[in-house]
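Novice: Below you will find the structure I want to go over with you.
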Amino acid sequence: MTAPDKILQEVAALRREINYHNRLYYTLDSPEIPDADYDALFDRLTELEHEYDLVTPEQHQSVIQTKTSLWQLKMYSQLLDVEQ
């Protein structure tokens, strides 16, 4: 199914917003929104990507790698704080 322009714009906006919040949460340790709000954004993006077949393996793998790397960096940073 071909996605209408309105859906493509929403998906692009959701991706930007999620990336913004990922950086705040994982890199800066300064979240602006509750986890439930983030989950709602992510769920909406996932719903649209699957409904309109907008997920590529590269995008999916990139999200997993980014989240994993950011989480590992955050945990390592916290470990260093504890050791000091």
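Novice: In the stretch 1-37, which residue that is in a helix (DSSP H, G or I) and among the polar types (S, T, N, Q) is modelled with the lowest pLDDT?
Specialist: Here the residue is THR27.
Novice: (1) assigned to a helix (DSSP H, G or I); (2) modelled with pLDDT of 85 or more: which one isn't true of VAL63, the others all being true?
Specialist: Condition not satisfied by VAL63: (2).
Novice: Which of the residues spanning the stretch 1-44 are surrounded by 11 or more Cβ atoms within 10 Å (Cβ to Cβ), under 18 Å from VAL55 (Cβ atoms) and of a type in the set (S, T, N, Q)?
Specialist: GLN9, ASN19, ASN22
The values are calculated or read from the model by the stated rules, or taken from the named source; none is laboratory data. Treat the numbers as computed from the prediction; the structure is a model and nothing was measured. Virtual Cβ from ideal backbone geometry, glycine too; neighbours counted across all protein chains shown.
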